[in-house]
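Let me begin by presenting the structure, written as structure tokens, before commenting on it.
The values are calculated or read from the model by the stated rules, or taken from the named source; none is laboratory data. Every value quoted in this text rests on a predicted model; they were computed, and no experiment measured them. All Cβ positions, even for glycine, are placed from backbone atoms using ideal geometry, and neighbour counts span all protein chains on display. Ligands, DNA and RNA are excluded from the accessible area calculation, which covers all protein heavy atoms including side chains. Shrake-Rupley method; radii C 1.70, N 1.55, O 1.52, S 1.80 Å.
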Amino acid sequence: MPGVFSQRTAFMSRYSAAEIESRWQEAWNKAGVFTASHKTDRPKYYVLEMFPYPSGRIHMGHVRNYTMGDVIARYKISTGHNVLHPMGWDAFGMPAENAAMAIGGHPKTWTYDNIADMRGQMKPLGLSIDWSREFATCDPEYYGQQQALFLDMLQAGLVYRKNAVVNWDPVDMTVLANEQVIDGKGWRSGADVERRELTQWFFRISDMAEELLEALDGLENWPAKVRLMQENWIGKSRGLQMTFDLTAPAHGQDGIEVYTTRPDTLAGASFMALSTDHPLSRALEADNPDLAAFNAACRKMGTSEVELEKAEKRGFDTGLTVRHPLYPDQTLPVWVANFVLMDYGTGAIFGCPAHDQRDLDFARKYDLNVIDTFVALDDDTRVQNTAFVPPKTEKVRWIDQPAGLDVATGQEAIDATIDWAETKGLGTGKTQFRLRDWGLSRQRYWGCPIPVVHCATCGVVPEKKENLPVRLPDDVSFDIPGNPLDRHPTWRDCACPSCGAPAKRETDTMDTFVDSSWYFARFTAPRAETPTDMDEAEYWMNVDQYIGGIEHAILHLLYSRFFARAMQITGHLPKKAIEPFDALFTQGMVTHEIYQTRDERGRPVYHLPEDVTDGRLADGTEVEIIPSAKMSKSKKNVVDPVSIISAYGADTARWFVLSDSPPERDVEWTAAGAEAAHRHLARVYRIVDEIVGADTGPQADDETLLREMHKAINDVTLGVESFGFNAAIARLYAFTNTLAKSGAGKAARLQAARALAQLMSPMTPHLSEEIWSRLGGEGLVATAPWPVADPAMLIDDTVVLPIQINGKRRAEISVPKDMPKDEVEKTALAVDAVQRALDGAAPKKIIVVPGRIVNVVV
RNA sequence: GCGGGCGUGAUGGAAUGGUAGACAUAUCAGACUUAAAAUCUGAAGGGCCUAUGCCCGUGUGGGUUCAAGUCCCACCGCCCGCACCA
């Protein structure tokens, strides 16, 4: 029973985050507030943050990501939704193998230990997660279902095998990921990387290019920039496919087929270029050792697009010539060039140096013709060392246009030229996509085994579903480079699922992007004996709000969209889940200053934030401060959430990562900012204590405070719903100041403070529970209904209107909120400053924007 | 190289085309204290200045508009992605 003594103790007490936070976390667990079940009438809401890779330590980026999801989840609980908010681990991948190679141990042990550590670091944050649904992608129960999914996709014709090139390290005798190729050399061996062709598994994502592109329009709650990035990635273009006839047949070929998106510039063609991997280019190697050497040299290089694009443009003249399609008496030389991609179009292009910078650089280097086909409308300067490449929507004057155009835009010319070429039988219009099929094979151990068997008689045979999961063997070692599955003595041996004869397992494992392409669906029924449970999927899908980093804007999200379609085709997801993420939010990074000194040889030495005070090390050495960089272990500009939580509490960390910066932008972690956040929470605690201990009746200020309360409810609600967390927090600061200074009576202040507790509860759930209970709130604030603003309390009776003269603010007037426009005009004209500016003349124009502004033009 | 984004006080940032700088940090002044911390109160974009007055000001240069941080064009700088990192 609360008596004088307990009130006194409350008044004397101080904000102790550690004690408060563990107590309320226990209360939530006990009440099972966050366990999701669909046996309820409330509308469902599925909120998901991109699941983490278990590196072993959570970082501030995780704290920010999960706090944002938590704010949404808690807000939705308060507004009467049945919320699903799960968490899992994207647990396969190279770091576990790298760790095994570097420090010994087993990837599995390393991974599960890390998961345990990270779960332990995450739980103190007080996230509203349904931990009963947790899984890791390296659990056989998960990857076994993924194998089942793969077999269904194989049967549905969504998977196939073909040859593809990989980065090959000739010293370590292993396949390298692009990130393991540094300046064209293997990161461990330092050897020059080569391209090597292997037979690999592919998903037919490019068959869905058109649909994946068109469906982007429906994703209204995705950031426009992500949709645009995906659109450009899919890269639909309409162009012309045509054949350039060889002047003399070569290797049984009469001509070379090219695809171009700029057929309108055909007259400017001055050479033809083949990819080093083009069939003709390979065929020519046989009788041209110099070309063979050239091609071999070009292949000594990584496979990443950046590397290919940035490499010095080099070419080799094959000596072959083709006839110019427009001018059959002219011939063009055929080159092999290292910048032509075999993966796009036909692996052969015609070069038009005047209107393509890369072609121009190539032409200047090898002294090829530069032929202008069009010039600007008002400037007929010819191309020198900068190609003339105006936007396709700009009108230009044509010098030589196949379809006979004079003045037209690039796009008009392209369309006209395709029609013209089709009529003349020179070529056919063709739609081409940049999107390539998704190669999923990885020559690595720590991934989901591809469940197929290679049989001498039956060929490639799918494993039987009853034999799933195909488990990874535990007895492997990482002391020799290469895939341990390849050299395992017994794991590869199995019976052919078709004929029963001795056969060999596939040793490639799946790209980890496969794991993350359907985990959101698995969360709806994480223990199901099939990949998904259609009833649960029907109920919970789609993800109503997905939150993660912009770095996933293309690959992960595109692959997930593909999987949702593939899972629908194979009967694992309902039709409604064809676009699995209704709304997407991409949050920014957490950054920190870098503290740097130099060693005696001038190389940078980095220092941890805790070792630097006022720009100096403990020994007085001044450090150089590099502002605002992504937190990275190697730069030592990391702040460990665990130490922040133990110093200030989870609520402080949560409050800080949400304040200051808009969620989609980077936020800079500063010690001062964290302290300020903590001071504010302590202040809220004190103010509540003071209110609870107060003893005043109704006051004149009551209405003012309650009006402010309703405005705060309105603004914070809008802020939370629109991901304006920083603005919502700024509003909460302002409302706290108002509450602290208010002369209202106890009842009004209690009411306002309870609203404050509720409005803060998505961000600082523990402190909010604590003050909610002190203020006499009923039950848990976590489940209390969200406060609703009274519209009548939001509008003040009078408004202050700024008066502009010629667009510059010169005065202001205070008028009743519903004063008619003409009276506002009259009042504005009567103002001294306006009278002075008019100087007796009549105003040229008066603009009155009701409730906003008045502008007088003189 | 290609694709996408961002740029506002000393600092993080706010601002449905409508009073630029909310809110916070740092700073300064005052109160309380033997003192410090904490707390509370207040000041503050730059400049001219007696100012309730004027000029300048959202990376740079142009444009649209009664009105531009916001829309358009060009440029500069920084960040992200580029298909085997997750």
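Restricting the first member to segment A:356-380 and to residues that are under 14 Å from residue A:317 (Cα atoms), and the second to residues that are among the β-branched types (Val, Ile, Thr) and assigned to a loop (DSSP other than H, G, I, E, B), the beta-carbon pairs closer than 8 Å and six or more apart or on different chains are A:363/A:370. The numbered conditions (1) modelled with pLDDT of 90 or more; (2) within 16 Å of RNA strand B (Cβ to nearest atom); (3) surrounded by 21 or more Cβ atoms within 10 Å (Cβ to Cβ) are all true for residue A:421 except (2).
The one condition from (1) among the polar types (S, T, N, Q); (2) free of Cβ contacts under 8 Å to residues at least 60 places away in the same chain; (3) open to solvent by less than 10 Å² (accessible area, probe 1.4 Å); (4) assigned to a strand (DSSP E or B) that residue A:597 does not meet is (3). What do you reckon, is residue A:752 aliphatic (A, V, I, L, M) and within 11 Å of RNA strand B (Cβ to nearest atom)? So residue A:752 fails the test. Set side by side, the residues A:772, A:786 differ, and just one is away from RNA strand B (no atom under 16 Å from the Cβ), outside any loop (DSSP other than H, G, I, E, B) and under 30 Å from residue A:693 (Cα atoms), which is A:772.
Of all positions in segment A:650-665, none carries a residue that is more than 10 Å from RNA strand B (Cβ to nearest atom), touching a residue at least 40 places away in the same chain (Cβ under 8 Å), open to solvent by 10 Å² or more (accessible area, probe 1.4 Å) and over 23 Å from the mean Cα position of the chain (by Cα). Within segment A:827-858, the set of residues being assigned to a helix (DSSP H, G or I) and over 12 Å from residue A:805 (Cβ atoms) comprises A:827, A:830.
Yes or no, residue by residue, for (1) closer than 21 Å to residue A:344 by Cα; (2) open to solvent by 40 Å² or more (accessible area, probe 1.4 Å); (3) in contact (Cβ under 8 Å) with a residue 60 or more places away in the chain:
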site	(1), (2), (3)
A:278	yes, no, yes
A:286	no, yes, no
A:298	yes, no, no
A:301	yes, no, yes
A:307	yes, yes, yes
A:319	no, yes, no
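Applying the selection to segment A:698-735, what residues are touching a residue at least 60 places away in the same chain (Cβ under 8 Å), within 10 Å of RNA strand B (Cβ to nearest atom) and aromatic (Phe, Trp, Tyr)? The answer is A:725, and nothing else. If I filter segment A:175-212 down to residues being of a type in the set (S, T, N, Q) and within 11 Å of RNA strand B (Cβ to nearest atom), which single residue comes out as farthest from the chain's Cα centre (by Cα)? Once the filter is applied, the top-ranked residue is A:199.
Could you list all residues from segment A:378-398 that are closer than 20 Å to residue A:363 by Cα and either assigned to a strand (DSSP E or B) or hydrophobic (A, V, I, L, M, F, W, C) (or both)? Across segment A:378-398, the qualifying residues are A:383, A:387, A:388, A:389.
Here is a check on your reading of the model: is residue A:116 away from RNA strand B (no atom under 14 Å from the Cβ), open to solvent by 10 Å² or more (accessible area, probe 1.4 Å) and closer than 26 Å to residue A:33 by Cα? It is true that residue A:116 is away from RNA strand B (no atom under 14 Å from the Cβ), open to solvent by 10 Å² or more (accessible area, probe 1.4 Å) and closer than 26 Å to residue A:33 by Cα. The single condition among (1) open to solvent by 40 Å² or more (accessible area, probe 1.4 Å); (2) among the small types (Gly, Ala, Ser); (3) closer than 25 Å to residue A:662 by Cβ that residue A:789 does not satisfy is (1). A search for C-beta distances below 6 Å between a residue of segment A:138-155 that is within 15 Å of residue A:90 (Cα to Cα) and any residue that is open to solvent by less than 10 Å² (accessible area, probe 1.4 Å) and among the aliphatic types (A, V, I, L, M), counting only pairs 6+ apart in sequence or on different chains, returns A:138/A:91. One residue alone among A:817, A:821, A:845 is open to solvent by 70 Å² or more (accessible area, probe 1.4 Å), free of Cβ contacts under 8 Å to residues at least 60 places away in the same chain, in contact with a strand residue (DSSP E or B) (Cβ under 9 Å, 6 or more places away or on another chain) and within 9 Å of RNA strand B (Cβ to nearest atom), and that residue is A:845. As a summary of the residue check, residue A:470 satisfies the conditions (1) β-branched (Val, Ile, Thr); (2) more than 22 Å from residue A:109 (Cα to Cα); (3) in contact (Cβ under 8 Å) with a residue 60 or more places away in the chain; (4) surrounded by 20 or more Cβ atoms within 10 Å (Cβ to Cβ) except for the one numbered (2). Residues in segment A:182-203 that are open to solvent by 80 Å² or more (accessible area, probe 1.4 Å) and not in a strand (DSSP E or B): A:183, A:187, A:188.
Every residue, every condition in (1) buried (at least 19 other Cβ atoms within 10 Å of the Cβ); (2) outside any loop (DSSP other than H, G, I, E, B), yes or no:
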position	(1), (2)
A:55	no, no
A:58	yes, no
A:70	yes, yes
A:76	yes, yes
A:98	no, yes
A:108	no, yes
A:145	yes, yes
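Residues in segment A:327-366 that are within 19 Å of residue A:417 (Cβ to Cβ), open to solvent by 40 Å² or more (accessible area, probe 1.4 Å) and part of a loop (DSSP other than H, G, I, E, B): A:327, A:328, A:330, A:356. Across segment A:424-450, the number of residues qualifying as surrounded by fewer than 22 Cβ atoms within 10 Å (Cβ to Cβ) and farther than 30 Å from residue A:380 by Cβ comes to 14.
Considering (1) in contact (Cβ under 8 Å) with a residue 40 or more places away in the chain; (2) within 16 Å of RNA strand B (Cβ to nearest atom), the lone condition that residue A:484 does not fulfil carries the number (1). Taking every residue in segment A:233-245 that is outside any strand (DSSP E or B) and pairing it with any residue that is surrounded by fewer than 21 Cβ atoms within 10 Å (Cβ to Cβ) and of a type in the set (Val, Ile, Thr), at least 6 positions away or on another chain, the pairs with Cβ-Cβ distances below 7 Å are A:233/A:554; A:236/A:431.
If I filter segment A:610-642 down to residues being in a helix (DSSP H, G or I) and in contact (Cβ under 8 Å) with a residue 40 or more places away in the chain, which single residue comes out as surrounded by the fewest Cβ atoms within 10 Å (Cβ to Cβ)? Quick ask: steps written out before the conclusion?
First, pick out the residues of segment A:610-642 that are in a helix (DSSP H, G or I): A:610-611, A:633-635, A:641-642.
From what is left, the residues that are in contact (Cβ under 8 Å) with a residue 40 or more places away in the chain are A:635, A:641-642.
Working: A:635: 18, A:641: 25, A:642: 16.
My answer is A:642.
Within segment A:679-697, can you find the residues that are near RNA strand B (Cβ under 9 Å from one of its atoms) and open to solvent by 30 Å² or more (accessible area, probe 1.4 Å)? Passing the criteria: A:679, A:683, A:686. Considering the conditions (1) more than 14 Å from RNA strand B (Cβ to nearest atom); (2) in contact (Cβ under 8 Å) with a residue 12 or more places away in the chain; (3) closer than 30 Å to residue A:64 by Cβ, residue A:829 is excluded by exactly one of them, (3). The set of residues in segment A:600-609 being touching a residue at least 12 places away in the same chain (Cβ under 8 Å) and either more than 19 Å from residue A:631 (Cβ to Cβ) or open to solvent by 40 Å² or more (accessible area, probe 1.4 Å) (or both) consists of A:606, A:608. Restricting the first member to segment A:86-107 and to residues that are farther than 21 Å from residue A:58 by Cβ, and the second to residues that are of a type in the set (Lys, Arg), the beta-carbon pairs closer than 7 Å and six or more apart or on different chains are A:97/A:444.
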